[in-house]
Every structure is written in structure tokens, then in C-alpha cells.
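Asker: The structure follows.
The values are calculated or read from the model by the stated rules, or taken from the named source; none is laboratory data. Quantities reported herein were computed from a predicted structural model and do not represent experimental measurements. Heads up, the Cβs are rebuilt from the backbone with ideal geometry, glycines too, and the neighbour counts pull from every protein chain shown.
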Amino acid sequence: MIKTQTIPSEEPTVTRWQAFRAQLGEQGMLFLFLVPALVVLIVTQGYPLLFSAYFSLFDWTLSRSPVPGAFIGLDNYTRAFADPVFIQAVVTTLIFSLSATLFEMLLGFFLAYITVGETMWRQVSRAILILPMVIAPVAVGTMWRMMLSGRAGLINAALAAVGISGPDWLGDPNTALLSLIIIDIWQWSPFVMIIYVAAITSLPVDPFRAARVDGASRWMIFRHITLPMLIPITLLVLMFRLIDTMLTLDIVYTTTFGGPGFRTHTLTFWIYQQGLRYFNISYAAASSWILLVTCVLIAVGFLVLRQRLTRWQG
Amino acid sequence: MTTHSTELQTGRPLGEILRQAAVVALIFLTVFAVTIPFIFLFLNSVKPPDEFMTNPVVIIPSRFTLEHYQAIFDPNEDTLRFLFNSLVVTSVTTIISLMIGSLAAYSLARLKLPLSLTTLIAFLFLLVRFYPKITTTLPYYIMMRNGHLLDTQFAVILAHVGLTLPFVVWLMLVFFQELPKELEQSAMLDGCGPWRRFTQVILPLTAPALLTAGILTALLSWNEFLIASSIAPNAAKTLPVRVSSFITDKGILWGPMSAMSSIIVIPMMLFGLFAQRYLVRGLTLGAVKG
């Protein structure tokens, strides 16, 4: 049946499907394989993106009208930058993102350095250490609401044991954001860890052997061989963590719900509130595009930097 | 690092032993610290109601009770329906995402389009990973509203396939690019078209990669909250969305909330513990090779 396709003269009764395939050829058939995924990508990502860019230029409150109102150009964008709550959300997001990323990088690298290796118990340790990142954010929210509860939380119980009276972590304006940072560190340091474990494992063995033959100390090997070789992957993890922390929403939703006051209104939470709670749909869309452009710029910046670096190193 | 920790053990025997002991102690400490919230959650899910929110906190319940589990599976609660929704959404999402994702990845690995369009399309898939999902959730909500598809499993599944597809495409693309071209050459000489080569030569070799992509997809879909909560508030509600509604005006229903959170957590914990290799590969490959 297959042979008939390449030598059609041998078999005159070619089905319509076979004729279609012969006409389409190798490359056409391959392109056909791509179509279902492209359709899903366009319906769930491409079109929604263009649609939201479009209606971010209109005055549209979904609860008042099912269709966009007047065209107002970039007013939604300028309005966001003049809105103190938006600016406050930007600052909150930056504090959250930068501090969580910094500690996750340090802790994750440290965890990778001490758990790397193929022994059974190291593998088991790593399997347990990655559990926080594979469970649902809503469950993480439940866990940490109970851990951080002011009256009956485990953290405050531990603090009380050493004579410190802990605050109502998630409800206190001074500690709410700090709590979110702690939760994010707990959940995502393992991500940094497993990537460094993979990276360290795949480092070439020869430079280390040579350095030891030359009598280099453990610190010298770490400082002059391991670290420089890990810079490209470090840039990549840094990019992932910076962007992902800027996009954190589920944890905020399930623990502080933006409060107390606007204290933990991150950008994503603020956009969520504007869009799906108050239905200021065009204003929310404009704000989300500001965030989107920022994230894509960060990603492109890191990727360019990484490429330059690998070219320079190589 | 197959050899670093062992090969470094030359000289300084006592210092080396002390160093190893310190490392072991540190690992135990971190493992313990990471596990505490899990243990506390499970203990709370079997704790009698009057032992919540007490001061001092009750860590080990005075007696173990299954009443919170009974309460959430009470026939008046729709937990079974939400569980069913979650299972349907996760499994259908995984199957569709794997099918069209691996097909697309194979195409991207073999297709030769002009102007490096193939690379551009692959890059577009990657881009999805880098922008806020809230940007697409707003218009997606309106699209589903206009199409009268709000609160349907179809809407949730379509969104989840869109969300997980990029991961499948990238995982499989890396895998297909590494496969030796010779594998397909004899089949090609026999006149096999792309479809037969894909289904009969390539797919049988991809079981581990498919497993990796499948576990990652199932995980993302099972845990997803934002889209599901905005487009499926009632009939098509999934378990993660249900958990958040235990926070009521009158207070938080700690017991049932812990029980349902445990139910959501346990399958993923089992994946984490028993399919670690695949899970880690799925979680890192996207980053390391991307």
C-alpha cells in the first residue's frame, strides 16, 4: 500500500486520500502535523493577546456594557501610571520579586551543592525537597495560613518556645509581604536546586581532574572552575525566577488576598481585581500589557546577555 | 556530577569526615524544614474541630478523626462532582496536549520552511512561558462568555491545553532533535510517509519523553487555579477552586479545607516521590535547554 504511493503507475486504483497525500508531499504533510497545535495556540493565546491589546485602547467596563465603549487611545496606560495604587503595586511587586529571587538563588544553589550526587539518600532527599514546587498553589496557601496564623500557627508556637511573641504574620501590615516572600522561597528554591544539580552533574570532568593534579584547593576549584562554568545557567535561572515571581498570583489570592489594605497588592493581583472583580476590563488589559512588555523585555535582555557571554567564553 | 564528591575525598581524613557530617546534618535539617508544612496539613486534616485555633497550638491531635473527610464527601456537598471535573479536565488535557504537542514537535524538528519560519514558530511556543496568564485570562473570559461556554469543561480543557502545549512541544522537540536521522532513513527508502514514520518508527522510541511531558502536563492542569476559577465558577468547578471557597465571611473552615487540600496534594506528592526522575527532567529540561 505504501509502495503504490511512490510508484503510482504500478497501482492504478489510488484512493483519494493517497492521491491527496502524494499531492501534498513530504513537507506539506509535515506542515499538516503542525496545524492542530497552531490552532490551539492561536485560539488560546494569539487571539486573546491581540483582543486584549485592542480593547485596552477603549473605555470598557464589562458590568455596564457587553461591548467596548469609546476609543480613548492610550488613556488607560497613562491612567495606570498616574494611579498611586498601581504605582504602589509596582513597588510591592519589585520588592517581592527581587528579594524572593535573591534568596531562592542563594538557597537553591546551596541546596544543589550539598545534595548533588547519585547516592540513594541524596536522591531521596532531593525527591522530598522538590515536593513544594509540585503541589497546587491553593494547597500551599492552606498550609501556610495554618503555619503563619498569629494565634495558632506553628511558627509562632516555635517563636514562643524561645520567648518571642510573633506577629499575626499574614494580617500584620509589617509582615504580610515578608510572609509571602518566605512562602515563595519555600516553594521555589527547589526549582533553582534541581537546575543547578542538573548543571553541575553535566559539567566536564577534565578541568577538575587537572586542577586537582595541580594541587588546587577545594575553594580554588570552586571559585575558578565551577563558578565560571555555571554563569550561563545562572543567568537562565535568574531570568525564570525574576519573571515567575513577578507573575505570582495564586499564593497572594489564597493567603492575604492583597491585604491588609493594599499592602500585598502585587501587580498581577491588582490586575485580577480590576479585571475580574470590578470588571474594569480595558483598564486591567492595559495594565496587564505593561506587565507583559516588562516581562518579555527582561526575558529578551537575559537571552541576549547569555548569548554574548557564551560567545565571549567560547 | 558523577564523581566530584567522591573524588574530592583525598587527604585530610578527619576534616573530610567532619565536613561530610556537617553536610549530612544540613541536608536532614532542610528536608525536615521543608516537610513540616506537609505534616502539619495532614495532621490538621484528621484533627477534631475543637482543637483548631487554640492557644497553645495543638500539633498532634488528641484523637484522629475522619470527620472532615466525611464532611467534604457528604452527598450534599458536590465534592465528588468537583473531583470528577478535575479528573476529566486533567486527563483529557494531558491526552490532547500530548497528541497534538508531540505531532507539532515532530513537525518542527523535520519541517523546512523558508526564512527560518520553523524556528520562529518554535520560538512563539516558547514565548507563552514568559507572559502573565492574567493578560490572556481576561479576553479568554470574554470569548467564552460570548460563546456561551462559561462554566463548561470544554472551556477549562481548551485553556489548559493552550497552557501546557508549549511545555510538551519543547520537551518533545529537544527529544526529536537528538534522535539520529538514520533511524528514519530506511523507512524513508521504503517509501514511508511522515505519518507512518512518526507513528511506527518514532513514537515507540518516545515512551520516556512522553511520560515526562505527560507528568508535567497533568501536574500543571491538576494544580491550575487562575483560569479555572475565573471561567468555571459552578458546574465545571475543579478541586483547587473549591478549596479557596472554604474561606467564608464567618471564618475559615479549617478542617474541611485541610482535608480537601490533602486530597489535592497527595497525587502530586506520589508523582514527586515515585516518578522523580521524569518529573525533574520535565521541570528542568524546559529551562536548561530552552
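Asker: With the structure loaded, tell me whether residue B:35 is outside any loop (DSSP other than H, G, I, E, B) and either within 24 Å of residue A:128 (Cβ to Cβ) or more than 29 Å from the chain's Cα centre (by Cα) (or both) or whether it fails that test.
Answerer: Here the answer is yes, as residue B:35 does meet what is asked.
Asker: Given the criteria in the same structural domain as residue B:147 (by TED's automatic domain parsing), assigned to a helix (DSSP H, G or I) and at pLDDT below 85, does residue B:283 qualify? Steps first, please.
Answerer: Working: in the same structural domain as residue B:147 (by TED's automatic domain parsing): yes; assigned to a helix (DSSP H, G or I): yes; at pLDDT below 85: yes.
Criteria met by residue B:283.
Asker: Mind listing just one residue for me: the one in the range A:133-155 that is among the small types (Gly, Ala, Ser) and part of a loop (DSSP other than H, G, I, E, B) and, of those, farthest from residue B:45 (Cα to Cα)?
Answerer: The qualifying residue farthest from residue B:45 (Cα to Cα) is A:150.
Asker: Considering each of B:140, B:106 in turn, give the residue that is in the same structural domain as residue B:166 (by TED's automatic domain parsing), of a type outside the set (A, V, I, L, M, F, W, C) and within 14 Å of residue A:48 (Cα to Cα).
Answerer: Only one candidate passes the filter, namely B:140.
Asker: Do any helices (runs of 4 or more DSSP H) lying entirely in the range A:156-254 carry at least 1 residues that are modelled with pLDDT under 90 and away from every other protein chain (no Cβ under 11 Å), and which ones are they?
Answerer: Those helices (runs of 4 or more DSSP H) span A:206-213, A:218-221, A:227-246.
Asker: When you check residue A:249 against the structure, is it surrounded by 15 or more Cβ atoms within 10 Å (Cβ to Cβ) and over 30 Å from residue A:175 (Cα atoms), yes or no? Explain how you work it out, then say what you get.
Answerer: Working: surrounded by 15 or more Cβ atoms within 10 Å (Cβ to Cβ): yes; over 30 Å from residue A:175 (Cα atoms): no.
Here the answer is no, as residue A:249 does not meet what is asked.
Asker: Which ones in the range B:135-189 are among the small types (Gly, Ala, Ser), in contact with a helix residue (DSSP H, G or I) (Cβ under 7 Å, 6 or more places away or on another chain) and under 25 Å from residue A:283 (Cβ atoms)?
Answerer: B:155, B:159, B:162
Asker: Please determine whether any residue of the range A:252-267 is more than 21 Å from residue A:168 (Cα to Cα), buried (at least 24 other Cβ atoms within 10 Å of the Cβ) and either under 17 Å from the mean Cα position of the chain (by Cα) or in contact (Cβ under 8 Å) with a residue 40 or more places away in the chain (or both).
Answerer: So far as the range A:252-267 goes, yes, one or more of its residues are more than 21 Å from residue A:168 (Cα to Cα), buried (at least 24 other Cβ atoms within 10 Å of the Cβ) and either under 17 Å from the mean Cα position of the chain (by Cα) or in contact (Cβ under 8 Å) with a residue 40 or more places away in the chain (or both).
Asker: Tell me, which residue of the range B:11-24 that is under 26 Å from residue A:230 (Cα atoms) and more than 7 Å from every other protein chain (Cβ to nearest Cβ) is modelled with the lowest pLDDT? Walk me through how you get there before you give the answer.
Answerer: Filtering the range B:11-24 for residues under 26 Å from residue A:230 (Cα atoms) gives B:16, B:19-20, B:22-24.
Imposing the further condition that a residue be more than 7 Å from every other protein chain (Cβ to nearest Cβ) reduces the set to B:16, B:19-20, B:22, B:24.
On the way: B:16: 82, B:19: 86, B:20: 86, B:22: 90, B:24: 90.
That would be B:16.
Asker: So how many residues does the range B:121-171 have that are facing another protein chain (nearest Cβ under 7 Å), at pLDDT 90 or above and farther than 16 Å from residue B:227 by Cβ?
Answerer: Residues flagged as facing another protein chain (nearest Cβ under 7 Å), at pLDDT 90 or above and farther than 16 Å from residue B:227 by Cβ within the range B:121-171 amount to 1.
Asker: Got at least one residue in the range B:218-232 being modelled with pLDDT under 90 and in contact with a Lys or Arg (Cβ under 8 Å, 6 or more places away or on another chain)?
Answerer: No: the range B:218-232 contains no residue that is modelled with pLDDT under 90 and in contact with a Lys or Arg (Cβ under 8 Å, 6 or more places away or on another chain).
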